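Contents: one structure, followed by commentary.
Taken together, the values in this text are just the output of simple stated rules run on the coordinates, not laboratory data. Please read these numbers as outputs of a predicted model, since none were measured by experiment. Virtual Cβ from ideal backbone geometry, glycine too; neighbours counted across all protein chains shown.
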Amino acid sequence: MIKEFNEWILTNLDSQKGKTVIITGANSGIGFYTALGLAKLGATVIVAGRNKERIDDAIQAIEKETITGTVSPGIIDLARLNSVRKFANEFNKTYTKLDILINNAGVMMPPESKTKEGFELQFGVNFLGHFSLTDLLYNKLKSTQNSRVVTISSIAHRGAFIDFENLRVEKPYDTKREYYQSKLADLIFALELGRRYEANNDNILSVACHPGFTKTELQRHINPEILKKMNFMDTWQGSLPTLLAATNKNAKSGDYFGPDGEGEYGGFPALGVIDKSALDQEVAKKLWEVGIKNTK
Ligand SMILES: NC(=O)c1ccc[n+]([C@@H]2O[C@H](COP(=O)([O-])OP(=O)(O)OC[C@H]3O[C@@H](n4cnc5c(N)ncnc54)[C@H](OP(=O)(O)O)[C@@H]3O)[C@@H](O)[C@H]2O)c1
């Protein structure tokens with residue numbers, strides 16, 4: 001597919017032979033390249049998404065490439081917790097282990113809408129659906145040696161805040177503010193998850209990452225004239241922080257990988273800077289309670 005992508009992963013990343021990986025939202029964008037990269041490195045990859053046709057197309061495209069691993073479909077709609085449960089139940093029944101869970105799927109700045117359970121769509125899909133999925137896969141992660149969860153946040157977490165009074169569009173909808181809130185929730189979740197695994201002596205890492213500015217279908221709701229003025233990385237390059245977060249042997253819980261260029265908008269993966277908005281442990285506890293209360 002893309003020569004530089006191939007060269008980068010084969011030079012910088014270890015073999016993932018024997019590993020089982022779930023990637024949500026793997027039919028397009030960063031998730032697609034993450035699935036391709038891990039399949040090239042030998043992993044058994046579950047390409048999870050909400051649309052069977054799009055998943056099958058992605059699998060066909062990956063299978064045309066030189067891969068040493070395998071790719072299989074998984075149906076999950078993160079905007080419906082019943083669908084998340086169904087996916088997790090099927091996975092838990094079918095697979096004996098889970099080495100890497102990649103919470104990648106996301107939606108950005110759609111028209112005002114809600115999940116089946118009545119949450120603002122971005123909060124519901126980007127955070128709550130993944131909170132539930134990670135919880136439902138806990139036993140499988142726990143029984144797998146050196147497993148890890150990778151959660152995709154964004155530069156958008158900087159300076160955002162969680163408005164606990166506005167998770168169900170109680171206030172006039174602000175498309176940008178709600179996206180920023182959801183990506184801050186993802187990063188707070190990743191950090192709190194790591195602390196909880198550690199306190200429980202679980203041999204599971206929780207690592208976060210972000211792709212800077214990367215051209216994908218995420219921008220489908222943004223005015224094309226605005227997009228023309230922005231400087232995006234190619235999709236393959238935007239997947240590299242995720243691939244590093246998923247495979248780096250030296251990664252620790254709480255690490256956050258992103259592009260190494262100025263402001264972390266572009267470049268090659270390195271450890272990134274976590275904004276103080278993501279470090280408030282009181283907010284993290286409160287967010288966790290929202291997750292537990294609304295997914296059990
Ligand atoms: N691109 C960037 O510059 C950028 C920057 C910061 C963070 N991110 C993050 O990177 C991650 C990947 O996004 P991307 O840029 O690769 O965008 P993308 O190409 O739009 O991919 C998003 C994926 O999420 C899936 N998805 C959306 N809603 C879903 C739902 N309800 N249930 C299951 N899957 C759902 C989409 O499925 P469909 O194809 O069916 O819609 C798609 O496969 C997201 O978490 C995003 O917030 C991206």
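Brief remarks on what is shown
- FRET E, pair N231, T11, Förster distance 30 Å, beta-carbon r, rounded to 0.05: 0.70
- Exposure proxy for Y180, Y265: other Cβ atoms within 10 Å of each Cβ, ordered fewest to most, give Y265, Y180.
- The charge dipole of the chain, taken about its Cα centre with unit charges on the Cβ of Lys, Arg, Asp and Glu (plus for the first two, minus for the last two), comes to roughly 680 debye.
- Helical runs assigned H by DSSP (4 residues or longer) give the chain a calculated mean residue ellipticity at 222 nm of -12000 deg cm²/dmol, each run adding -39500 (n - 2.57) before division by the residue total.
- Of the residues S154, S253, S239, the one with the fewest other Cβ atoms within 10 Å heads the list, and the complete ranking is S253, S154, S239.
- In Hz, Karplus ³J(HN,Hα) per residue of region 19-33 (6.51, -1.76, 1.60; θ = phi - 60°; x = Gly, Pro): 8, 10, 10, 10, 10, 7, x, 8, 7, 8, x, 5, x, 4, 5
- Radius 13 Å from Cβ of Y33, net charge of other residues (Lys, Arg +1; Asp, Glu -1): -2
- Sequence-separation-based contact order of the chain, relative, with Cα cut under 8 Å and 6+ spacing, percent: 17
- Remark on M233: its backbone amide H falls under 5 Å from those of F213, T214, K215, a criterion applied only to residues 5 or more positions apart or on other chains, H modelled at 1.01 Å from N.
- Most fluctuating residue given options T34, T24, T96, as computed from a GNM of the chain linking Cα atoms under 10 Å: T96
- Long-range amide H partners of I23 with built H, under 5 Å: I46, A48, I102
- Nonlocal amide H pairs with S147, under 5 Å, H built at 1.01 Å: L205
- Applied to region 275-285, the Karplus parametrisation 6.51 cos²θ - 1.76 cosθ + 1.60 on θ = phi - 60° returns per-residue 3J(HN,Hα) values of 5, 5, 4, 9, 9, 6, 6, 5, 4, 4, 5 Hz, with x for Gly and Pro.
- Per-residue Cβ neighbour rank within 10 angstrom, fewest leading, V125, V150, V169: V169, V125, V150
- DSSP-defined antiparallel bridges as percent of all bridges, region 3-295, nearest 5: 15
- Karplus-derived 3J(HN,Hα), 6.51/-1.76/1.60, for each residue of region 260-265, Hz, glycine and proline x: 8, x, 4, x, 6, 7
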